[in-house]
Each structure stands twice: as C-alpha cells, then as structure tokens.
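These notes are about the structure you will find just below.
The values are calculated or read from the model by the stated rules, or taken from the named source; none is laboratory data. Bear in mind that the values here come from a model prediction, so they are computed numbers and not experimental data. Every residue, glycine as well, gets a Cβ built from its backbone with ideal geometry; the counts of neighbours run over all protein chains shown. These accessible areas exclude ligands, DNA and RNA; they are computed on the full protein's heavy atoms, side chains included. Shrake-Rupley method; radii C 1.70, N 1.55, O 1.52, S 1.80 Å.
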Amino acid sequence: MLDMADPVIAVEIQKIPMRLRVDLDRQDSVELNPAAAARLAVPWYKGEPLDVGRARLPNQVAGVLLKVDNRTLPTEVSQHGRDCCAGVDGVIGPDLLPFATVHWRNSSAPASTTDIVLPLDASETTGLSAASDAGRVRLRFALDARETIATAAAGAALAHLWGGHWNGRERRVTLVFGIARPARLMAFARPGKIAGFPLDQLLVRLSDFGGDAKLPADPAQAGEFVIAHHLERQSAWPAVTIGADRLSRCGEIVYTAVQHSLTLRCAFEGP
C-alpha cells in the first residue's frame, strides 16, 4: 500500500539502505540518482543510451541484489548522469517488486465513479503501457509528471481522429531528468477519451518521436498538416503519458502482477 502523494519504499541494494519511489513510467531496471549509484561497490557497464526527446543520455548499468520486504532478488540498476528523482535515491517500477499487487491510494481524490481495468504490455525501451481506443496510440502512466502529454506521433493520430487544432503558443515542458522540450496545447473539435478520462485538449511534444507524423500547421489551418520542426527524423512512437493532472482524480490505482494489469478507480468525468 502506497500513498500516491509520496509512494516511497525502503529497500537495500547490495546491502546499502535506499529509498525508492514506486512509479509506473519505468523501464526494466531500477533508476538511481548518480550520488546513490556511487555508493554501490559494483562494476558498471555501458548500456543503451536513453533518448529524452532530442537529448541522448549515456547509460551505465550494473547487476545487483535488491532486498525488499525481507526478500532478495537479482535485478539491474541504471544511472544516466542526471538526477531522476528529488528527495529519494531512485525510482522502481511495480513489475520489479516481489508483490502480487501494488496499490497507490489518494485520500484527497474525489469519490470514484467507476473502475477501468487495462491489460499492460512491457517493453525494454518504453516500459509498461496499455492499448487505447485511439488506434495505435499507447498509454503510459506517470504519477510524478505534472501534465498529461503526447508524443508528436500520438498528437498527429489524435488530431486526425478528433479534429485537432492548436490552441496556444509553443512552450517548454520539463520531462524526465530535468530535460525541457517544446510542446503546444492541442484542442479537439470531437473530444475523445484516454483511459476513461475525457480529453478536450492535450499537450503535444512538437518534434519528439514523430516518424512521418504530420501535425496541424496552425489554428487557422486545422485541416492542413505539416512537419512541425525540420529535424532529423526519429522513429514514430505514438504514446500519451497520463500525468498527475488526471491521475490525481483516482482514489486508487492497482497494479496486479499475475494478470499484468492496471486498475484505475477514479472520478473520470470531473473538471
């Protein structure tokens, strides 16, 4: 059982006590802040670099023993030369914990209106995600992210489906590891739902993981689509990361290991 406002567990890594935040937007390793990683007397190896938008971060990985709730299991830790998390030593995904279920609870959330159960898939590069009702768009969940945000490929797909047009100026949005990327608010003429949450507008990253996706040119030309920024093309990754602006309306979120699913108990229709 975790408090959604401070979902932290005490663990030992290589017999070194550490505090880890439990979140859903992790890949297949425990991410450590560099200072915490430096406390481990283990050999580090070069791993696959991590792309955060257009920034490529070097990756160091190590095999360790993780002790949680008096259970010890082998796992991998990584660090990317930047702090991932404030006030803790690192972050871990629920699929790396030895529990049948992991509950995040929020006593200040409005009364839940319904439950939605989402089957999850796991990827070494993109972590846990669920299918959506919007074609190929995948759903990710990040309790520590302030705002729900889409990649360029997801923004283009939703613009076609829901009649998207720009609503406001471009601005910088801070993502993981403190990296800021350009984004813009997109409004929809025919709003849809993502993981049960109605979306009449959504932040969209303008040049990240767009592939051949084409975004609306501007509010006056909502029917025309152009490449938003002339940068080296990345592979398309149509994903929406649902952040605390929506997840704060959930009284409980439950990860179930055996079924590999996520249950959202939320007031979905709220403002």
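General observations
- Among the criteria (1) within 17 Å of Cys85 (Cβ to Cβ); (2) touching a residue at least 24 places away in the same chain (Cβ under 8 Å); (3) open to solvent by 70 Å² or more (accessible area, probe 1.4 Å), the one Lys15 does not fulfil is (1).
- Of all residues in region 184-197 being assigned to a strand (DSSP E or B) and of a type in the set (Gly, Ala, Ser), the one that is most open to solvent (accessible area, probe 1.4 Å): Ala189
- Among the residues of this structure, Gln234 counts as one that is at pLDDT below 95, open to solvent by 20 Å² or more (accessible area, probe 1.4 Å), farther than 24 Å from Leu2 by Cα and not β-branched (Val, Ile, Thr).
- Condition check for Thr148: of a type outside the set (A, V, I, L, M), within 25 Å of Ser261 (Cβ to Cβ) and in contact with a helix residue (DSSP H, G or I) (Cβ under 6 Å, 6 or more places away or on another chain): yes
- Pick from region 35-92, criterion surrounded by 14 or more Cβ atoms within 10 Å (Cβ to Cβ) and among the polar types (S, T, N, Q), ranking: modelled with the lowest pLDDT: Asn59
- Total residues in region 159-174 satisfying the condition of being hydrophobic (A, V, I, L, M, F, W, C) and either under 23 Å from Val254 (Cβ atoms) or assigned to a helix (DSSP H, G or I) (or both): the figure is 3.
- Checking the stated criteria, His160 turns out not to satisfy the condition of being modelled with pLDDT of 95 or more and more than 11 Å from the chain's Cα centre (by Cα).
- Residue match in region 198-215 (condition: at pLDDT 75 or above, open to solvent by 50 Å² or more (accessible area, probe 1.4 Å) and touching a Leu at 6+ places or on another chain (Cβ under 8 Å)): yes
- Some residue of region 169-183 being at pLDDT below 95, hydrophobic (A, V, I, L, M, F, W, C) and buried (at least 22 other Cβ atoms within 10 Å of the Cβ): yes
- Strands (runs of 3 or more DSSP E) within region 4-70 that include 2 or more residues among the basic types (Lys, Arg) and either farther than 30 Å from Arg205 by Cα or under 22 Å from the mean Cα position of the chain (by Cα) (or both): 16-22
- Test: residue in region 150-157 that is more than 11 Å from the chain's Cα centre (by Cα), at pLDDT 95 or above and open to solvent by 20 Å² or more (accessible area, probe 1.4 Å): no
- Within region 121-138, tally of residues that are under 18 Å from Val22 (Cα atoms), surrounded by 15 or more Cβ atoms within 10 Å (Cβ to Cβ) and not small (Gly, Ala, Ser): 2
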